[in-house]
Amino acid sequence: MALEARPLVWLALWTLAVPARSSGEDADGGWRRPGPGAPVAVTEEEHCTVERRADLSYAEFVQRYAFSRPVILQGLTDNSRFRDLCTRQRLLASFGGSVVRLSTANTYSYQKVDLPFQKYVEQMLHPQDPISMGNDTLYFFGDNNFTEWASLFRHYSPPPFSLLGTTPAYSFGIAGAGSGVPFHWHGPGFSEVIYGRKRWFLYPPEKTPEFHPNKTTLAWLRDTYPALTPSARPLECTIQAGAVFP
């Protein structure tokens, strides 16, 4: 009998950050581009409340984390080749004509829109508008045609941990600074940042966070998060490129 992982309520906020000492495409893959409106300023949390591990064995992962708590994995894989293939220039050259499916940025992803990847990147990949509602915000994440993107995915090295009774499936996404979706459920899974950074907010299943299902993550961070008491705050952490968050 396979063990069942404990689900978590997840909220994630995409941002694009480039270290001050770096410049050019090597730093951000060419993804930082000027767009309409002012860039979204998203600060990192004061204190990361999720453990970071760079020396984790599979036995300890299963015993301590896999079914009870999140952990950030560092230095377990080398995805530098995959990262090279994910620059803006290379993805547009390889997949610009491929049709991708966009989702609205609300809790239940009510609407799906299909359009060429190049059109999404060149016309819609902008920083999140702070006043837009979730059902008016489209972004690319999760609805991949695995066969069509297989030439890219085969270069990705997943974390060396798997769970009995589960079958892996890759989701790949690109979104503008400040974008994200409201709280939603997840079972077992992991997320790795290739370029930029991603700020996570997590609650255990017995806690129900306060949020509006049709407001964006940025709106929740701006309007609700500052008023939370310490006991009502979620686990949170920002992961940078190369880190894996299961």
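The values are calculated or read from the model by the stated rules, or taken from the named source; none is laboratory data. Owing to the predicted nature of the structure, the values given are computational and were not obtained by experimental measurement. Positions of Cβ are backbone-derived with ideal geometry, glycine not excepted, and every protein chain shown enters the neighbour counts.
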Looking only at region 163-179, filter to residues that are of a type in the set (A, V, I, L, M, F, W, C) and more than 10 Å from the chain's Cα centre (by Cα); which one of those is nearest to residue 138 (Cα to Cα)?
177
Test set (1) modelled with pLDDT of 85 or more; (2) outside any strand (DSSP E or B) - residue 113 fails condition number:
(2)
Within region 45-73, the residues that are polar (S, T, N, Q) and in contact with a strand residue (DSSP E or B) (Cβ under 6 Å, 6 or more places away or on another chain) are 49
For region 57-75, the count of residues that are assigned to a loop (DSSP other than H, G, I, E, B) and in contact with a Phe, Trp or Tyr (Cβ under 8 Å, 6 or more places away or on another chain) equals 3
At positive phi and surrounded by fewer than 17 Cβ atoms within 10 Å (Cβ to Cβ): is that true of residue 96 in this structure?
no
